[in-house]
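What follows is one structure encoded as structure tokens, with my remarks underneath.
The values are calculated or read from the model by the stated rules, or taken from the named source; none is laboratory data. As the structure is a computational prediction, the values presented were derived from the model and not from experiment. All Cβ positions, even for glycine, are placed from backbone atoms using ideal geometry, and neighbour counts span all protein chains on display. When the accessible area is computed, the model is the full protein with side chains, heavy atoms only, and any ligands, DNA or RNA have been set aside. Shrake-Rupley method; radii C 1.70, N 1.55, O 1.52, S 1.80 Å.
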Amino acid sequence: GFTGAFLSVLFGESIGNKPPILWGRLSALAVPMSVKIEGGENIDREQSYIVVANHMSHLDTFLIYGWLPVDIRWVIKSQLRNTPVLGYCCYKMGHVFVDRGNTESAKKSINAAREKIKGGTSIMFFAEGTRSMDGKLLDFKKGAFRFALDMKLPILPVTIVGTKNMLPNRTRDLFPGRAKMIIHKPVPVEGYSEKSVDKLIKVTKAVIQKGLDDNPQYM
């Protein structure tokens, strides 16, 4: 997302998230990668979400930026805030810096984020925290779900399929191919708490897994 952030800062905030969309689509075209989207009707453009997706390839970022019809921000480690150029670009784009090792600081960051994450602006997480080597879902990290509970925002599960075959892990080899992004119905967080976060994770993971199971032709 650095390129998109840099372009937005360079040309001004008035153009919103158009540079990241353009960057994502041009990058996909260079592969080339054809893209199919399913479930766009599940998104309320006025609602903010915690977007949770699986992660198979570096190409997933192009797919998210280019075709997910949501204005997204990322949660970034607070240490990167002082990184020259990158830290400034991410700050100007409204990404959320959080120090999870400092509870008080994390609470302040979340409270500050409440002012930015509203009216359709959402937070994006790859729930596994890293790329899956074989396409099978890894264990989901709790960060996205705790953030959803803290922000009192619904989770928007997203399944990505096909990207692993175009840019296999641990290689730089690119192959043309097809990708698909399935946008599922939102998962409300009402009724869940820190004590039941594992159940919330289980529900969300099952939804994303179904997207994989229903699209074996892309695997």
Practice task
Looking at (1) within 29 Å of LYS108 (Cα to Cα); (2) modelled with pLDDT of 85 or more, find the lone condition where SER78 falls short.
Solution key: (2)
Problem - Pairs with Cβ under 7 Å, 6+ apart, first in segment 49-62 and farther than 25 Å from ILE117 by Cα, second in a helix (DSSP H, G or I) and open to solvent by 10 Å² or more (accessible area, probe 1.4 Å) - result: MET56/LYS164; SER57/LYS164
Fill in the blank from the handout: Checked segment 185-204 for anything under 24 Å from GLU38 (Cβ atoms), open to solvent by 30 Å² or more (accessible area, probe 1.4 Å) and in contact (Cβ under 8 Å) with a residue 24 or more places away in the chain; matches are LYS185, PRO186, PRO188
Handout entry: Residue, most open to solvent (accessible area, probe 1.4 Å), within segment 99-108, restricted to residues that are at pLDDT below 70 and touching a strand residue (DSSP E or B) at 6+ places or on another chain (Cβ under 9 Å)
Key = ARG100
Handout entry: Given (1) out of contact with any Leu (no Cβ under 9 Å at 6 or more places or on another chain); (2) in contact (Cβ under 8 Å) with a residue 40 or more places away in the chain; (3) open to solvent by 40 Å² or more (accessible area, probe 1.4 Å), index of the condition ASP213 fails
Key = (2)
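Listed here are the residues, each with its yes/no results for (1) among the charged types (D, E, K, R); (2) surrounded by 22 or more Cβ atoms within 10 Å (Cβ to Cβ); (3) free of Cβ contacts under 8 Å to residues at least 60 places away in the same chain.
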position: MET124; (1), (2), (3): no, yes, no
position: ALA127; (1), (2), (3): no, yes, no
position: SER132; (1), (2), (3): no, no, no
position: ILE155; (1), (2), (3): no, yes, no
position: LEU167; (1), (2), (3): no, no, no
position: ARG178; (1), (2), (3): yes, no, no
